[in-house]
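Worksheet for the structure shown next.
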Amino acid sequence: MLQKTSQFMREANFIGGEWVKADSGATIDVTNPATGLKIGTVPKSGKAETRRAIEAAETAFHSWKKTSVLERHKLLRKLHDAIMDNQQSLAELLTMEQGKSLTEAKGEIAISAAYVLWFAEEGRRAYGDVVPSPWADRRILVTKEPTGVVAAITPWNFPSSMLSRKLAPALAAGCTTVVKPASQTPYSGLAWGALCEEVGFPKGVVNIVTGSAGEIGDEICANPLVKKITFTGSTEVGKMLMAKAAATVKKVSMELGGNAPFLVFDDADVDRAVEGAMVAKYRNSGQTCVCTNRFFVQAGVYDAFVEKLAEASRKLKVGPGLEDGTQQGPLIDGKAVEKVEEFVSDATAKGGRVVTGGKRHALGGSFFEPTVIADAKPDMMFMKEEIFGPIAPVFKFETEEEAVRLANDTEFGLACYFYTGNLARAFRVMEGLKYGMVGVNEGLITTVEAPFGGVKESGIGREGGHQGIEDYLDTKYVCIGGL
Ligand code: ADP
């Protein structure tokens, strides 16, 4: 077993302010994807533990919702400071369980803290309305109230920041929470419990349960005390949660899969486009829902783009995340590697040309070479499916209309990117792309100030921006008569 490097590493559930084991005592092993070695264990909990966490959140809600917005603001600011004071240690824990480079992990922790600060501020601006009344003797008020107990289910690719943008607005709004982190990366989620405890959040405001996704998810969906589910993960699981949550008409926010296109037009600055492509493709080793899944490049700059992208991809330093200079960590597990291998063999069988990479990395384990595949065609798997790995398929197109049509030919609609030097085209294409987020001559667009989220089957709701707190507030209309 590895040495426990972080003071925030917890191997227990956090329920009603207590650190507790699963009822059965059963545990799940957590491994380091860079070494394959066990880091530790977390409780394998089920329905009973989840029910208790929900009840603790419900009890805490009665007093938490009555705290002043300024009190919540101050606690969230303390939480922000605690995260930043411990950035290095939290980032090491994150790299150890998730695999990403320490530089990226430190960035993720900083973004987590930034969401906390942002929503601490937005909580103070959750204004209602006073509406001009059509009646002389009545007045109309519209107020905002916290929704209630919120359940947050989070994925393994950004185990800290995906939780932050749910937890922070929920707490700022006056909601209490039950969190289920992904079983591959539970420690960054549990660390939020340790941090909230340290800065003095009341018991039961934040509860965290690890274990069986199916059992915990079923209890969350069925329990009428839960008023909202916020989920980041696969479209498949998101749809299932929405269907189950319908039984008690819960509010839902869904951040689901993507299939991001990246368009490069003949009039683009190709060097800038390659720079943007490197971030949009290889961040977190390609394991983000906004990572480019399909590059579409116009015929005039196709060869130059492919060559430059391949050259930059070859230079990426692959290695364990904790090693100095690493730019690409391992994939999350062996299954993920098998899946990217399937994308490569499907593409080569259908005429795709591997320009660089294309196979497991010499380091072994779940390391994979940064890969560029030219001559991509619409019948290849990556036209429809999310790659979630370091493979860059490049399609060639002739006309703007063709590029926009191909880019939109997917049930997903999360992020997209395009590069052009022509202003009129920039507007045409921006308006033509059916996506929730568009990067124009930019490959990295996520920031706490802007609304993150998708259209079509990529999800419902927005996280970040001033929109990000709305999902945790209910609107109440009050009519005051007899005046
Ligand atoms: P990914 O493919 O990124 O792992 P998943 O949708 O499988 O995406 O996982 C995202 C989160 O959803 C994780 O915390 C996972 O444990 C959880 N999850 C998976 N299956 C279910 C389920 N049936 N009910 C509730 N949560 C689930």
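The values are calculated or read from the model by the stated rules, or taken from the named source; none is laboratory data. These numbers come from a predicted model, not from an experiment. With ideal geometry, Cβ positions are generated from the backbone for all residues, glycine too; neighbour counts draw on all protein chains shown.
Please specify each residue of the range 50-69 satisfying the condition of being touching a strand residue (DSSP E or B) at 6+ places or on another chain (Cβ under 7 Å) and surrounded by fewer than 17 Cβ atoms within 10 Å (Cβ to Cβ). If the condition is that a residue be touching a strand residue (DSSP E or B) at 6+ places or on another chain (Cβ under 7 Å) and surrounded by fewer than 17 Cβ atoms within 10 Å (Cβ to Cβ), then Lys65 is the only one that fits. Inclusion of Met254 among residues that are surrounded by fewer than 24 Cβ atoms within 10 Å (Cβ to Cβ), touching a Gly at 6+ places or on another chain (Cβ under 9 Å), among the aliphatic types (A, V, I, L, M) and in contact (Cβ under 8 Å) with a residue 24 or more places away in the chain is warranted.
So that you can scan it fast, the table gives a plain yes or no per residue for (1) assigned to a helix (DSSP H, G or I); (2) more than 21 Å from the chain's Cα centre (by Cα); (3) within 28 Å of Ile216 (Cα to Cα):
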residue	(1), (2), (3)
Ile54	yes, yes, yes
Thr95	yes, no, yes
Ile109	yes, no, yes
Ser112	yes, no, yes
Trp118	yes, no, no
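Number of residues in the range 146-158 that are in contact with a Leu (Cβ under 7 Å, 6 or more places away or on another chain) and more than 9 Å from the ligand (Cβ to nearest atom) equals 4.
In the condition set (1) over 16 Å from Phe343 (Cα atoms); (2) part of a loop (DSSP other than H, G, I, E, B); (3) within 26 Å of the chain's Cα centre (by Cα), Ala407 is compliant with all but (2).
Determine, yes or no, whether Pro33 is surrounded by 22 or more Cβ atoms within 10 Å (Cβ to Cβ), over 30 Å from Gly464 (Cβ atoms) and in contact with a Gly (Cβ under 7 Å, 6 or more places away or on another chain). In short, no. Can you find, within the range 136-168, the residue that is farthest from Lys476 (Cα to Cα) among those that are part of a helix (DSSP H, G or I) and among the polar types (S, T, N, Q)? Applying the filter and picking the extreme gives Ser161. Only one of the listed residues (Thr154, Thr95) is under 30 Å from Pro224 (Cβ atoms) and not aromatic (Phe, Trp, Tyr). That residue is Thr154. Looking across Ile54, Ile39, Ile15, one residue alone is at pLDDT 95 or above and within 30 Å of Gln287 (Cα to Cα). It is Ile39. Confirm whether Asp23 is under 24 Å from the mean Cα position of the chain (by Cα), surrounded by fewer than 16 Cβ atoms within 10 Å (Cβ to Cβ) and not basic (Lys, Arg). Against the criterion (under 24 Å from the mean Cα position of the chain (by Cα), surrounded by fewer than 16 Cβ atoms within 10 Å (Cβ to Cβ) and not basic (Lys, Arg)), Asp23 does not qualify. Residues that are out of contact with any helix residue (DSSP H, G or I) (no Cβ under 9 Å at 6 or more places or on another chain) and part of a helix (DSSP H, G or I) are absent from the range 413-421 altogether.
Those residues that are in contact with a strand residue (DSSP E or B) (Cβ under 9 Å, 6 or more places away or on another chain) and more than 15 Å from the ligand (Cβ to nearest atom), I need them from the range 166-185; list them, please. Hits for the range 166-185 are Pro169, Ala170, Leu171, Ala173, Gly174, Cys175, Thr176.
Number of residues in the range 310-334 that are out of contact with any Ser or Thr (no Cβ under 9 Å at 6 or more places or on another chain) and in a helix (DSSP H, G or I) equals 1. If you go through the range 308-364 and keep only what is of a type in the set (Gly, Ala, Ser) and touching a Gly at 6+ places or on another chain (Cβ under 6 Å), you end up with Gly321, Gly329.
Annotation note: of Leu190, Leu171, the sole residue that is touching a helix residue (DSSP H, G or I) at 6+ places or on another chain (Cβ under 9 Å) and either assigned to a strand (DSSP E or B) or buried (at least 24 other Cβ atoms within 10 Å of the Cβ) (or both) is Leu171.
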